[in-house]
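Chemist: Pasting in a structure now, in structure tokens, and then I'll have a few things to ask.
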Amino acid sequence: MAKAAGLTYVDEGDGPVTLFLHGVGTGSHLWRNVIAELRGERRCVAPDLPVHGGSEIREDLSLPALAEAIEEFCAELELGEVDLVANDTGGAVAQILAVRHPERLRTLTLTNCDVHEDTPPPAFVPTVELAARGELVPLVETLLGRPDLLSVTAYGVSYEQVEDPAAVVEAYLRPILSKPGGGEAFERMLTSVDAKDMIAIEPLLTVLAVPALVVWGTGDVFFDVKWARWLRDTIPGVRKVVEIEGGRLFFPEERAAELVPHLRAFWESEG
């Protein structure tokens, strides 16, 4: 994989640039199925957030700092305007990036993600509390040798079905723990995700004119569909809310074929 601004990334296809952002505990690999369908018509760029994949660790891992890291990444690659598509924590980063650098975005698509005071969502707070006590890394290390235990973690409810637990562990968790200080940085990142940063941008979201699409899985235990409607009622640029029946947090990976037609239609409607 290539690297820019300290972030490893996938870069496939030619055409208008689509930038994909993942959340904590996953990586650019999350978007592989979406990219497979779009790379024949678009340039698909998917970075690994700091700490994840082969990306470097940063001192400041707060949501605003992550947004600036993505802006630095875009600037170094001279991406110009992008169609931004985001999931999970990446959606929070995308919202901050959108209000700070609206000129960077041609369009914005948000899938199930942190919104306003639902950051982190209540169902994920126990995991954050483990991280705050320094007790999460030992549990994650156990998963490296026992991927079958993935079903009893947050991953187990983020997918409708974890068909290959070992592949999930190898794609997302091993790269984090394999770098020096990666486990501790991952815990620090989880505890740096703070609702105050999202609540602070609400006034800016209310005047965000960037054309936006919201696509939300309705079976997500972390991010209720009411937050999709909050985004619709708050951001004037939102054109449409699409509900993916029964879709869970990682539906962009599991059900990419259902997401892609909505992306194509949205981008076509916005010229």
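Chemist: I'm trying to understand the selection: among the residues of the stretch 246-263, which are in contact (Cβ under 8 Å) with a residue 24 or more places away in the chain, open to solvent by 60 Å² or more (accessible area, probe 1.4 Å) and out of contact with any strand residue (DSSP E or B) (no Cβ under 8 Å at 6 or more places or on another chain)?
Modeler: Within the stretch 246-263, Glu254, Ala257 qualify.
Chemist: If the requirement is being closer than 20 Å to Arg248 by Cα, of a type in the set (Phe, Trp, Tyr) and crowded, with 18+ Cβ neighbours inside 10 Å, which of these qualifies: Phe124, Phe73?
Modeler: Values: Phe73 fails: closer than 20 Å to Arg248 by Cα.
Result of the check over Phe124, Phe73: Phe124.
Chemist: Separate question: From the list Arg264, Arg229, exactly one residue is under 21 Å from Leu204 (Cβ atoms) and not in a loop (DSSP other than H, G, I, E, B). Which is it?
Modeler: Details: Arg264 fails: under 21 Å from Leu204 (Cβ atoms).
Within the list Arg264, Arg229, the selection yields Arg229.
Chemist: I'm checking my understanding of the structure. Among residues of the stretch 162-188 that are of a type in the set (Lys, Arg) and assigned to a helix (DSSP H, G or I), which one is surrounded by the most Cβ atoms within 10 Å (Cβ to Cβ)?
Modeler: Restricting attention to the stretch 162-188, the residues satisfying the condition of being of a type in the set (Lys, Arg) are 174, 179, 188.
Of the ones still in play, those that are also assigned to a helix (DSSP H, G or I) are 174, 188.
Numbers: Arg174: 13, Arg188: 20.
Looking at residues that are of a type in the set (Lys, Arg) and assigned to a helix (DSSP H, G or I), I get Arg188.
Chemist: Another question, then. Please determine, by comparing only the residues of the stretch 71-84 that are part of a helix (DSSP H, G or I), hydrophobic (A, V, I, L, M, F, W, C) and in contact with a strand residue (DSSP E or B) (Cβ under 6 Å, 6 or more places away or on another chain), which one is farthest from Ser178 (Cα to Cα). Before you say what the answer is, go through the steps one by one.
Modeler: Within the stretch 71-84, the subset part of a helix (DSSP H, G or I) is 71-77.
Among the residues that remain, those that are also hydrophobic (A, V, I, L, M, F, W, C) are: 73-75, 77.
Pick out the ones that are also in contact with a strand residue (DSSP E or B) (Cβ under 6 Å, 6 or more places away or on another chain) and you get 73, 77.
Working: Phe73: 23, Leu77: 27 Å.
Top of the filtered list is Leu77.
Chemist: Inspect the stretch 121-142 for any residue being among the basic types (Lys, Arg) and closer than 29 Å to Glu12 by Cβ and give the result as yes or no. Spell out the reasoning first.
Modeler: First pass over the stretch 121-142, keeping only residues among the basic types (Lys, Arg): 133.
If we keep only those that are closer than 29 Å to Glu12 by Cβ too, we end up with none.
There is no residue in the stretch 121-142 that is among the basic types (Lys, Arg) and closer than 29 Å to Glu12 by Cβ.
Chemist: If Leu149 meets every condition in (1) surrounded by 15 or more Cβ atoms within 10 Å (Cβ to Cβ); (2) closer than 29 Å to Lys240 by Cβ apart from one, which number is that one?
Modeler: So the condition that Leu149 fails would be (2).
Chemist: If Gly40 satisfies every condition in (1) part of a strand (DSSP E or B); (2) open to solvent by 10 Å² or more (accessible area, probe 1.4 Å) but one, which is the exception?
Modeler: (1)
Chemist: Do the conditions hold for Arg106, that is, is it in a strand (DSSP E or B), open to solvent by 20 Å² or more (accessible area, probe 1.4 Å), closer than 26 Å to Arg255 by Cα and in contact (Cβ under 8 Å) with a residue 60 or more places away in the chain? Give the derivation first.
Modeler: Numbers: in a strand (DSSP E or B): yes; open to solvent by 20 Å² or more (accessible area, probe 1.4 Å): yes; closer than 26 Å to Arg255 by Cα: yes; in contact (Cβ under 8 Å) with a residue 60 or more places away in the chain: yes.
Judged against the criteria, Arg106 is a match.
Chemist: Now, a different point. With respect to Leu205, determine if the residue is out of contact with any Gly (no Cβ under 8 Å at 6 or more places or on another chain) and closer than 30 Å to Gln161 by Cα. Please lay out each step first, then the result.
Modeler: Numbers: out of contact with any Gly (no Cβ under 8 Å at 6 or more places or on another chain): yes; closer than 30 Å to Gln161 by Cα: no.
For Leu205, the condition - out of contact with any Gly (no Cβ under 8 Å at 6 or more places or on another chain) and closer than 30 Å to Gln161 by Cα - is not met.
Chemist: Also, I was wondering about something else. Quick one: is Leu143 in a helix (DSSP H, G or I), in contact (Cβ under 8 Å) with a residue 12 or more places away in the chain, of a type in the set (A, V, I, L, M) and open to solvent by less than 30 Å² (accessible area, probe 1.4 Å)? Explain how you work it out, then say what you get.
Modeler: Details: in a helix (DSSP H, G or I): yes; in contact (Cβ under 8 Å) with a residue 12 or more places away in the chain: yes; of a type in the set (A, V, I, L, M): yes; open to solvent by less than 30 Å² (accessible area, probe 1.4 Å): yes.
In short, yes.
Chemist: If you go through the stretch 232-245, how many residues are part of a loop (DSSP other than H, G, I, E, B) and surrounded by fewer than 21 Cβ atoms within 10 Å (Cβ to Cβ)? Before you say what the answer is, go through the steps one by one.
Modeler: First, pick out the residues of the stretch 232-245 that are part of a loop (DSSP other than H, G, I, E, B): 235-237, 245.
With surrounded by fewer than 21 Cβ atoms within 10 Å (Cβ to Cβ) added as a condition, the list becomes 236-237, 245.
The number of residues fulfilling the criteria is 3.
Chemist: Please go through the stretch 43-70 and give me each residue that is part of a loop (DSSP other than H, G, I, E, B), aliphatic (A, V, I, L, M) and either crowded, with 21+ Cβ neighbours inside 10 Å or touching a Phe, Trp or Tyr at 6+ places or on another chain (Cβ under 7 Å) (or both), ordered by number.
Modeler: Within the stretch 43-70, the first condition is being part of a loop (DSSP other than H, G, I, E, B), and the residues that meet it are 48-62.
Applying the additional criterion that residues be aliphatic (A, V, I, L, M) yields 49, 51, 57, 61.
Once the filter is applied, which keeps residues that are part of a loop (DSSP other than H, G, I, E, B), aliphatic (A, V, I, L, M) and either crowded, with 21+ Cβ neighbours inside 10 Å or touching a Phe, Trp or Tyr at 6+ places or on another chain (Cβ under 7 Å) (or both), the stretch 43-70 yields Leu49, Val51, Leu61.
Chemist: If you don't mind, there's one more thing I want to ask. Which one of the conditions (1) at pLDDT below 95; (2) in a loop (DSSP other than H, G, I, E, B) does Val221 fail to meet, given that it meets all the rest?
Modeler: (1)
The values are calculated or read from the model by the stated rules, or taken from the named source; none is laboratory data. Because the structure is predicted, anything quoted here is derived from the model rather than measured. No Cβ is skipped: glycine too gets one built from the backbone with ideal geometry, and neighbour counts run over all protein chains shown. Keep in mind that these areas ignore ligands, DNA and RNA; they rest on the heavy atoms of the full protein, side chains included. Shrake-Rupley method; radii C 1.70, N 1.55, O 1.52, S 1.80 Å.
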